[in-house]
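Novice: Submitted below is the structure of interest, expressed as structure tokens.
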Amino acid sequence: MFNFDSKSSAAADTEDNNLSELMALAARLSPISDLNEANRQTICKSATVVNLNRSTALAANKEHRWFTYLFDGQVEVRNAKDKDGTEAVETNTSRALQPVLKEFTQHHSINTKTAATLVRFGQELFDILLKEQQKNATKAHDVRVSEKDNIVFDSIVESFEQRTINFSCQSEVTKKIAALINRGATGIPELSLAIAADPALTAHTLHEANKLTAGETTQTMRGAITRLGVESVNQLALKIPAEQGWQPANPAIEQFMASYQRRTTLTAAICKVFAKSVPHLTDERAHLIGLMADIGELMIIGHANKHADIFNDAESLQSASRNLREAVGSWLLGAWGFNENFIEAAESARDFYRNHTGEITYADLVTAALLTIESELPDEENKSVPSVVNLLLPRKLQQVGIDLQNPQHILEQAAAELNELKQLLQQ
């Protein structure tokens, strides 16, 4: 709920929908938009909304504790020492996305020509939240990399700088998705299931949906489709694979990509199975987070493919992936506006010995999925994955009925989830 200034001329009742509206606005305001979603929600809950009548004046030197923005109507910022310095501020303009007041002298004031609504955010709270956010965002990754790793990393940095980031789609899967779309009989449930079969297509679709987000980010494929529209998503599902189809440059890269696709698809399916046992998590979100957790590896493979003469053996590919995927993945997900649950999974899911206090998270499910896969379907690249008997996480999951010491049962449940997708794409 918002707070209200008891001195305001009128204070309207507010409900949750008002908070959603203010969150949407806050995501566009400078500098409030510098806060992450959770911190924006915190500062919005303490915001003060002030309704002003016509011909009302507010002294600037009494507004210095807040970032004050125009929420509705029109105001003028006046300088009693400079009559020509009057500035009009109207809603739905770029100026309204900046604080109304830029100076706080006794000569400046906010004046209303019509009824107007202002919203105030505490500057001190903003500073605290931003400082804490920046402290939490500062993480040191001490990784010893090779010259080959640096070649891939430099190529990725260049793609970020030039905004040419893209991912390669699975040709066979996307062909089946295209055939499904062209049959014209898919609703949102079927379309969401089909698109989430390919990590690259999933990443691009959620990114496009996040571009339209003024408040909460997209965490489900159904939500992305609803936000973009079925027709727009259909077009994306046809356009992206056509522009970014996968063409491996050598057998080592081809095999590494195939291994990545198998592991990622299975990880997502297992996460979906696990989430059904955890009341506060949802299976659809768990599926997408599991699918995106190693998205950095997909980017690494794509850039290694540009330097196929160097990356022509499994060892060099494994080294680049092992050393860079967490940093690259979390960087990409943050830049593309993904929810913090996605970023946390990319950063910490492979930290198998991390402290597991508090509630079960989506990152915990990804970790458990990787442990399950390694126990039954060992991959040479994952030879450093520890046994579940040496970890705290299995005990935590056991409390909700997830038994990591019965991996065969888990894989059977995941196979049932994958079979549903297989049947959909083979219709």
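The values are calculated or read from the model by the stated rules, or taken from the named source; none is laboratory data. Remember, it's a predicted structure, so these values are computed and weren't measured experimentally. Methodologically, a virtual Cβ is constructed for each residue, glycine included, from the backbone with ideal geometry; neighbour enumeration extends over all protein chains shown. Side chains included, ligands, DNA and RNA excluded: accessible areas come from the protein's heavy atoms. Shrake-Rupley method; radii C 1.70, N 1.55, O 1.52, S 1.80 Å.
Novice: For region 198-216, state whether one or more residues are more than 22 Å from residue 180 (Cα to Cα), open to solvent by less than 10 Å² (accessible area, probe 1.4 Å), in contact with a helix residue (DSSP H, G or I) (Cβ under 7 Å, 6 or more places away or on another chain) and modelled with pLDDT under 95.
Specialist: Kept after step one, since they are more than 22 Å from residue 180 (Cα to Cα), are these residues of region 198-216: 207, 210-216.
Keeping just the survivors that are open to solvent by less than 10 Å² (accessible area, probe 1.4 Å) gives none.
No, region 198-216 contains no residue that is more than 22 Å from residue 180 (Cα to Cα), open to solvent by less than 10 Å² (accessible area, probe 1.4 Å), in contact with a helix residue (DSSP H, G or I) (Cβ under 7 Å, 6 or more places away or on another chain) and modelled with pLDDT under 95.
Novice: List every residue pair whose Cβ atoms sit under 7 Å apart, with the two residues 6 or more apart in sequence or on different chains, where the first one lies in region 312-332 and is under 11 Å from residue 347 (Cα atoms) and the second, anywhere, is at pLDDT 95 or above and outside any helix (DSSP H, G or I).
Specialist: Note: pairs meeting the criteria are 325/294; 329/294.
Novice: All but one of (1) closer than 22 Å to residue 28 by Cβ; (2) small (Gly, Ala, Ser); (3) at pLDDT below 90 hold for residue 85; which doesn't?
Specialist: Exception for residue 85: condition (1).
Novice: Counting only residues that are crowded, with 19+ Cβ neighbours inside 10 Å, under 29 Å from residue 340 (Cα atoms) and either at pLDDT 90 or above or out of contact with any helix residue (DSSP H, G or I) (no Cβ under 7 Å at 6 or more places or on another chain) (or both), how many does region 39-65 have?
Specialist: Summing the residues that are crowded, with 19+ Cβ neighbours inside 10 Å, under 29 Å from residue 340 (Cα atoms) and either at pLDDT 90 or above or out of contact with any helix residue (DSSP H, G or I) (no Cβ under 7 Å at 6 or more places or on another chain) (or both) in region 39-65 gives 4.
Novice: Could I ask something else about it? Can you find a residue that is under 21 Å from the mean Cα position of the chain (by Cα) and aliphatic (A, V, I, L, M) anywhere in region 241-260?
Specialist: Taking every residue of region 241-260 in turn, none turns out to be under 21 Å from the mean Cα position of the chain (by Cα) and aliphatic (A, V, I, L, M).
Novice: How many residues are within 11 Å of the chain's Cα centre (by Cα), of a type in the set (A, V, I, L, M, F, W, C) and surrounded by fewer than 24 Cβ atoms within 10 Å (Cβ to Cβ) when one looks only at region 290-349?
Specialist: Counting residues in region 290-349 that are within 11 Å of the chain's Cα centre (by Cα), of a type in the set (A, V, I, L, M, F, W, C) and surrounded by fewer than 24 Cβ atoms within 10 Å (Cβ to Cβ) gives 4.
Novice: Now, a different point. Across region 162-205, what is the total count of residues that are part of a loop (DSSP other than H, G, I, E, B), more than 15 Å from residue 225 (Cα to Cα) and free of Cβ contacts under 8 Å to residues at least 60 places away in the same chain?
Specialist: 5
Novice: Which of (1) modelled with pLDDT under 80; (2) under 19 Å from residue 344 (Cβ atoms) does residue 363 not meet, given it meets every other one?
Specialist: (1)
Novice: Let me ask something additional. Are any of the residues in region 66-78 assigned to a loop (DSSP other than H, G, I, E, B), within 23 Å of residue 130 (Cα to Cα) and open to solvent by 30 Å² or more (accessible area, probe 1.4 Å)? I'd like the intermediate steps shown before the answer.
Specialist: As a first pass, look at region 66-78 and keep what is assigned to a loop (DSSP other than H, G, I, E, B): 73.
Pick out the ones that are also within 23 Å of residue 130 (Cα to Cα) and you get none.
No, every residue in region 66-78 fails to be assigned to a loop (DSSP other than H, G, I, E, B), within 23 Å of residue 130 (Cα to Cα) and open to solvent by 30 Å² or more (accessible area, probe 1.4 Å).
Novice: Restricting to region 1-38, give me the number of residues that are part of a loop (DSSP other than H, G, I, E, B), modelled with pLDDT under 85 and under 22 Å from residue 115 (Cβ atoms).
Specialist: Number of matching residues: 11.
Novice: Quick check, is residue 418 out of contact with any strand residue (DSSP E or B) (no Cβ under 9 Å at 6 or more places or on another chain) and more than 30 Å from residue 179 (Cβ to Cβ)?
Specialist: No: the conditions fail for residue 418.
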